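Notes for the one structure printed next.
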């Protein structure tokens, strides 16, 4: 079984345990918005029996290559039952509306795909992965169900820890500016306000206009934003320039990929703890 991102692969590995053979398609450090499949990737996919994807347009850059290669691999959209954040249709800057709905497909790229920043959404991933593993390998159903329940307990404990940790931040400092719009689910769940992003929209591939950058700098100054959160997979040059102009600090976080095993975000649980600690330190 192959999962597109390292984050999704880690969650699937927790459910599959030693019984399921799970591999990440994208390497550590790859940006899922812009990654292009290699010939080796395509060969690995031809040997897989199942492909797990986040969905909601996150892997849109990969789908064309797979289709042109004539691949007909069983595909599971793990975010299919999650209530998603959506982008306003009339907002050219990519601001998200408060509207939420269950997106069973890709919603034509209008949904915020970064669902994993809320561990309660990852509980939905676990449900879907458990169902699919049981369906494809019913002889080990009890193992998958037991693994899934143990991991659900870990996710619930993570949620409690996040709430306790962010409670240390005064409400007026619970503001976020990031490299692109990816902390919406986190902000909604834990009482933060996303006041801006370096590039518009939900993709790191977008580009801001000079006017948009100037407006963001004004917002940062007015909101008293102390840090710009920039993913390890994203070029920080523009964020660094904005930080220099505004007196803010660039804080590197993990976004579209886990870290290598030797670094501090090698599992999804560690990834979330690292990011929450970074956000908390930046806000205090």
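The values are calculated or read from the model by the stated rules, or taken from the named source; none is laboratory data. None of the values given here were measured: they were computed from a predicted structure. Neighbour counts run over all protein chains shown; Cβ positions are idealised from the backbone, glycine included.
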Counting only residues that are touching a residue at least 40 places away in the same chain (Cβ under 8 Å) and surrounded by fewer than 18 Cβ atoms within 10 Å (Cβ to Cβ), which one in segment 3-26 is farthest from residue 146 (Cα to Cα)?
19
Hey, does segment 54-70 have a residue that's closer than 15 Å to residue 2 by Cβ, part of a loop (DSSP other than H, G, I, E, B) and either at pLDDT below 90 or assigned by TED's automatic domain parsing to the domain that holds residue 269 (or both)?
yes
Only one of these is exposed (fewer than 14 other Cβ atoms within 10 Å of the Cβ) and not assigned by TED's automatic domain parsing to the domain that holds residue 58: 277, 241, 273. Name it.
277
Any idea which of 188, 127, 153 is in contact with a helix residue (DSSP H, G or I) (Cβ under 9 Å, 6 or more places away or on another chain), in a helix (DSSP H, G or I) and either at negative phi or surrounded by fewer than 23 Cβ atoms within 10 Å (Cβ to Cβ) (or both)?
127
Can you tell me which residue within segment 226-252, out of those that are touching a residue at least 40 places away in the same chain (Cβ under 8 Å) and outside any loop (DSSP other than H, G, I, E, B), is nearest to the chain's Cα centre (by Cα)?
231
